[in-house]
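I have placed the structure first, in the form of structure tokens, so that the comments after it can refer back to it.
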Amino acid sequence: MITVIGVLCLFTYPLFAAAADSLTGSSLFPIGRYAVNAGGNLELISSAVHFGFRFKSTTCSLYVYLNDPSAHNYLQYTLDGLYQKRLRINGNSRQPLIIGGLINGLHTIWIYKATEATTGPVFIQKIIARDIIALKPSGRPMIEFIGNSITCGAASDPSEIPCGSGEYHDQHNAYYAYGPRVARALNVNFMLSSVSGIGIYRNWNSLSPVMPQVYEKTDFQEDNRYWNFKTYHPRVVSIALGTNDFSDGDHVHPRLPFDSVRFVSNYIRFVELVKSKYPEARIALLSSPMLNGNKRELLQRCLKAVKNKVDSSHPSKKPVALFFFQPMQARGCGGHPNVEDHEILAKELEPFFKELLKA
């Protein structure tokens, strides 16, 4: 049986090609980390990786699949600038998702991956609709948001499946994470390079792989696929790491006291790695809204030390920018910010990134 979804995207982008009745995955223009497989299908990988299309009809059909028949995943979408909801994709289904019940006329849809890279990819085989046209990315500046579960929008949306139920990614909502919110408010492009539980020198419940080890890999895992950093040229790269390094761990694996020397040295090397990929980008280091008291103060001192070292190594470049969040009592699952908390974080960040984009 065909699944019918009552739906309703975002920015208007230049049209790319003459109208047809079908778009293959390889003819779309995704923003974020992605790949195209040997069959020409688009592999959506990173949190909130997104693409847009326009069509003239009351309905469109998305041919979407997962590699694992026992798995499930989520997309999100907007129609004509209005956000709708998450769409669940079951790995054992090969039926198209039907977006129907629309007013006859011109419609713009943007599709977003709701979950992070480690949840697994979502494949787009084709999209069928009358007079469908792929939307090409605009020339607006881009912000890349590097981070952990907070940046992913993980555990932020229990509106469909309550906290403590289902699987970890059932509460993911990348569209409403602070990064995409900031980008929409400032009318710029964005991409999320984030992994739940990850840190600079240690993770929430393991010592590796940490972000410096996986950042160059397309899906942030220790495989052989390397991301092509020439795909995008962000004007600003935001790095928000440290929450997991400072955490007390999972109380299962051994956990040594926080090592500030190792944290700072690893962070400096990671910033240098990012700068090597984007020599002209402005680097911004964000603290954690989840830390309070002594941990919050220590993280801030560490970030200042990273900034001072990187700035001294690149005296002719624009300095590293720092932003320190106000402490937050998060209301999402497992101590994470919920979608309303992400709105608060985004409001804090908007003036900061607005100034950086001017520089």
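Worth a mention:
- Residue within segment 157-171 that is on the phi > 0 side of the Ramachandran plot and not charged (D, E, K, R) present: yes
- The lone exception for Asp170 - which of (1) open to solvent by 60 Å² or more (accessible area, probe 1.4 Å); (2) at pLDDT 95 or above it fails: (1)
- Checked against (1) in a loop (DSSP other than H, G, I, E, B); (2) open to solvent by less than 20 Å² (accessible area, probe 1.4 Å), Ile150 meets all criteria but (1).
- If you go through segment 296-338 and pick out every residue that is assigned to a helix (DSSP H, G or I) and open to solvent by 50 Å² or more (accessible area, probe 1.4 Å), you end up with 9.
- Single unsatisfied condition, Lys217 versus (1) open to solvent by less than 40 Å² (accessible area, probe 1.4 Å); (2) modelled with pLDDT under 95; (3) within 19 Å of the chain's Cα centre (by Cα): (2)
- Hits in segment 177-213 (condition: surrounded by 21 or more Cβ atoms within 10 Å (Cβ to Cβ), among the hydroxyl-bearing types (Ser, Thr, Tyr) and not in a strand (DSSP E or B)): Tyr178, Ser196, Tyr201
- Of the residues making up segment 220-268, those that are assigned to a loop (DSSP other than H, G, I, E, B), open to solvent by 80 Å² or more (accessible area, probe 1.4 Å) and of a type in the set (A, V, I, L, M, F, W, C) are Val252, Leu256.
- Of the listed requirements (1) open to solvent by 10 Å² or more (accessible area, probe 1.4 Å); (2) closer than 25 Å to Glu350 by Cα; (3) β-branched (Val, Ile, Thr), Val271 misses just one: (1).
- Evaluation of Lys277 against the conditions (1) at pLDDT below 95; (2) more than 19 Å from Ser206 (Cα to Cα); (3) not hydrophobic (A, V, I, L, M, F, W, C) shows that the sole unmet condition is (1).
The values are calculated or read from the model by the stated rules, or taken from the named source; none is laboratory data. It should be emphasised that the depicted structure is a prediction, and the values quoted were computed from it without experimental measurement. With ideal geometry, Cβ positions are generated from the backbone for all residues, glycine too; neighbour counts draw on all protein chains shown. Accessible surface areas use protein heavy atoms only, side chains included; no ligands, DNA or RNA. Shrake-Rupley method; radii C 1.70, N 1.55, O 1.52, S 1.80 Å.
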